Amino acid sequence: MILPIYLYGQAALRKATEPVEQGEVDVKQLASDMYETLTAAEGCGLAAPQVGLSIRMFVVDGTELGEDYPDCVDFKQAFINPEIVSLSDEQSTYSEGCLSLPGISENVVRPKTITIRYQDLDFKWHEDTFTDFKARIVQHEYDHLEAHVFTDRISPLRKQFIKNKLANIAKGKTVARYKYKR
Ligand code: NI
């Protein structure tokens, strides 16, 4: 089932998230809905707060990024209760966008590599290290669980520049090409 994506201005994006307890949430069904939502919206990552759920879970799907980021073609997985283990000192800059902020893309500086602990859909723990674009997606989605969006991380000058765009999304004046809630 395709879920509506909550846009900037929705309280759900700024709420603290709760750990997911096994048996409490049907994570397999939710992940399947989130993948379907992501594919329909042509995105590469989606966090639970973006579909209005204040729980610590996100999914990534880089399978459509193949041409630009060949290392992402097999990068499709769910992260439950993720915890950052370490971040590299080395940083990189990429232009990011977000399904909750249609029409906005800005350069964001982030650590180049992340090591993260998380549970899979069977609640089995894993620890993995991701670098470059995979690390970027994981950090962007993890931010959503901390009630952040990527524009929180841009310079005050750039923030000033996109102030009206953000205000328009929050006021419901922006139209997205996918199913959304504003
Ligand atoms: Ni996002």
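By counting other Cβ atoms within 10 Å of each Cβ, how are Val51, Val25, Val138 ranked from fewest to most?
Val25, Val51, Val138
What does the net charge come to around Ala11 if you take all other residues with beta carbon closer than 14 Å to its beta carbon, with K and R at +1 and D and E at -1?
Neighbour charge sum, excluding Ala11 itself: +4.
Summing +1 for each Lys or Arg and -1 for each Asp or Glu, what net charge is found among the other residues whose Cβ lies under 13 Å from the Cβ of Ile162?
Once positives and negatives cancel, what remains is +2.
Choose one of Tyr142, Val51, Ser92: the residue whose Cα lies farthest towards the positive end of the charge dipole of the chain (beta-carbon charges +1 Lys, Arg; -1 Asp, Glu; about the Cα centre).
So the residue furthest toward the plus end is Val51.
How many angstrom lie between the C-alpha centres of segment 1-48 and segment 89-146?
16
Please report the projected area of the chain's Cα convex hull averaged over all directions, in nm². Please report the intermediate quantities before stating the final value.
Numbers: hull surface 39.5 nm².
Answer in nm², one decimal: 9.9.
Within the set of other residues whose C-beta is less than 13 Å from the C-beta of Glu64, count the net charge using Lys and Arg as +1 and Asp and Glu as -1.
Overall, the nearby charge balance is -4.
Please compute the Cα-Cα pair-distance distribution of segment 74-182 with 10 Å bins starting at 0, giving whole percents from short to long.
13, 40, 31, 16, 1
Quick one, what does Rg over Rh come out to for segment 18-79 if you take C-alpha atoms and the Kirkwood Rh? Each step should come with its number before you reach the end.
Numbers: Rg = 12.2 Å, Rh = 12.1 Å.
Expressed as Rg/Rh, it is 1.01.
Of Lys112/Lys134; Lys76/Lys134; Lys76/Lys181; Lys15/Lys181, which sit over 20 Å apart, Cα to Cα?
Checking Cα-Cα distances, Lys76/Lys181 exceed 20 Å.
Hey, got a sec? Which trypsin sites (Lys or Arg not before Pro) in segment 1-97 land in a DSSP loop and have at most 16 other Cβ atoms within 10 Å?
The qualifying sites are Lys15.
For the chain, set up a Gaussian network in which alpha carbons nearer than 10 Å are linked by springs, and say which option among Cys44, Cys98, Cys72 fluctuates the most.
Sorting by GNM fluctuation, first place goes to Cys72.
What trypsin sites (Lys or Arg not before Pro) in segment 100-147 are in a loop by DSSP, with at most 15 other Cβ atoms within 10 Å of the Cβ?
Answer by residue number: Lys124.
Using Cα pairs closer than 8 Å and at least 6 residues apart in sequence, work out the relative contact order for segment 5-181, in percent.
26
Every read-out reported here was derived from the displayed coordinates using simple, explicitly stated rules and does not represent laboratory data. Predicted model only: the values in this text are computed from it and were never measured. Note that each Cβ is placed from the backbone with ideal geometry, even for glycine, and that neighbours are counted across all protein chains shown.
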